[in-house]
Amino acid sequence: MPLGFMSGERFYEGYDFDQWARVLAGPRGAAVYWRPGGGFYDDSWTGALAGKSHEVGRQVALLPPEVVSIQSEIESE
């Protein structure tokens, strides 16, 4: 059964996405879905969009290559 994970900025536990993806894939190597997110963006201050983009980009850059289903968390007020 495919499983997914929603990540955000990691400070305490770190970005060990390789290990997390391995555990989620399980012994049969099921597909792993990822939803990078964190930060905040709303229409009243578009500068936050740049910060959110960097947070999502950092998370995606650290994903193992076998994670191919990546759909970011973007919200707006």
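Taken together, the values in this text are just the output of simple stated rules run on the coordinates, not laboratory data. Please read these numbers as outputs of a predicted model, since none were measured by experiment. Ideal geometry is used to build each Cβ from the backbone, glycine not excepted, and the neighbour counts take in all protein chains shown.
Debye calculation, C-alpha points only, no solvent: report log10 I(q)/I(0) for the chain at q = 0.20 Å⁻¹, in the same order as the q values. Debye output, listed in q order: -0.83. Against the chain, whose longest principal axis is taken from its Cα atoms, helix 47-61 shows a tilt of about 10°.
Which percentage, to the nearest 5, of the DSSP beta bridges contained in the range 3-70 is antiparallel?
Around 10 percent of the beta bridges assigned by DSSP in the range 3-70 are antiparallel ones.
Ellipticity at 222 nm from helices only: DSSP H runs of n ≥ 4 in the chain, each -39500 (n - 2.57), divided by the residue count, give -9500 deg cm²/dmol. 5 Å is the cut-off here: which amide hydrogens, built 1.01 Å from N in the peptide plane, fall below it relative to M6, excluding neighbours closer than 5 in sequence? Hits under the 5 Å cutoff: R35.
What whole number of Å gives the distance from the Cα centroid of the range 48-77 to the Cα centroid of the range 1-36? Rounded to whole Å, the Cα centres lie 14 Å apart.
Taking Lys and Arg as +1 and Asp and Glu as -1, the other residues whose beta-carbon sits under 11 Å from that of W20 total -1.
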